[in-house]
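The values are calculated or read from the model by the stated rules, or taken from the named source; none is laboratory data. Bear in mind the structure is a predicted one, so any value in this text is a computation, not a measurement. All Cβ positions, even for glycine, are placed from backbone atoms using ideal geometry, and neighbour counts span all protein chains on display. These area figures cover heavy atoms from the full protein model, side chains too; ligands, DNA and RNA do not enter into them. Shrake-Rupley method; radii C 1.70, N 1.55, O 1.52, S 1.80 Å.
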Amino acid sequence: MTLQTTSQIVLFVGVLLSAIGGFGSYYYGKVEEEKNKRESNKAQDELKAQIRELQLNTSHISDQTELIFQALKVKAETWLEVEMKNVPPGVTDYLLLRFTSDKGRISGKVRIKGSESISSFSTTANNKVPVAVRNLWLPKEGQYKVPTIMEFTVTEKTEPDASLSIYTQGWIDSKGREPQ
C-alpha cells in the first residue's frame, strides 16, 4: 500500500467517523429534545391541573365570601324626623320620651338630628319609663340646636302591623331642672 492509499483510507475513516459522530449527535440530540419536551408537557399539564384546582377553590371561596357578605349586610337605616314643638327651643338639655305600641314590642333608636348621641328604646321597657335623649349642643351659638328635631328608626317589630306612638314625658333644661 502506498502512502497515498493509506492517506485516502485514513481520510475515508475520518470522514466516516465524522459522519457517524454527526449522526449520533443529531440522533441523541433529538432523543434529548423529545425527553425535554415530554418533561415540559408533563410540567405544563401539572400546572394546568393546579390552576384548575385553584380556580375551583377560588370559586368556592368566592361563594363562601358572598354568603358571608349577604349574612352581614346591614340594612340601611331609615331615620324618621319629628319636630319637637312642645319643648322650649335653645335650652332643652334632654328630652324625656315614652314609646308605646298597640301590640307586640317595637325596638329602635332615637337621637336629635345631627347628634352622634343615640339612645335605644323598647316599647316594653319605655312605655312607662321615659328615655332621656340628649339634645345637640352648638358651642359656637352657645345654645342647643333650634328647631329641635328628633329622629328615630325602628330596628325590630314582633308584630309586623304594630304601630308606634311617641309621647313627650317632659324635658330637662341646661341646669338640670325639670320645669314642665
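Brief remarks on what is shown
- Among the residues of the stretch 1-17, those that are open to solvent by 80 Å² or more (accessible area, probe 1.4 Å) and part of a helix (DSSP H, G or I) comprise L3, Q4, Q8, V10, L11, F12, V15, L16, L17.
- Listing of strands (runs of 3 or more DSSP E) fully contained in the stretch 40-123 that carry 3 or more residues being touching a strand residue (DSSP E or B) at 6+ places or on another chain (Cβ under 8 Å) and open to solvent by 60 Å² or more (accessible area, probe 1.4 Å): 80-83
- Screening K128, K140 for residues that are closer than 20 Å to Q169 by Cβ, open to solvent by 50 Å² or more (accessible area, probe 1.4 Å), in a loop (DSSP other than H, G, I, E, B) and of a type outside the set (A, V, I, L, M) leaves exactly one candidate, K128.
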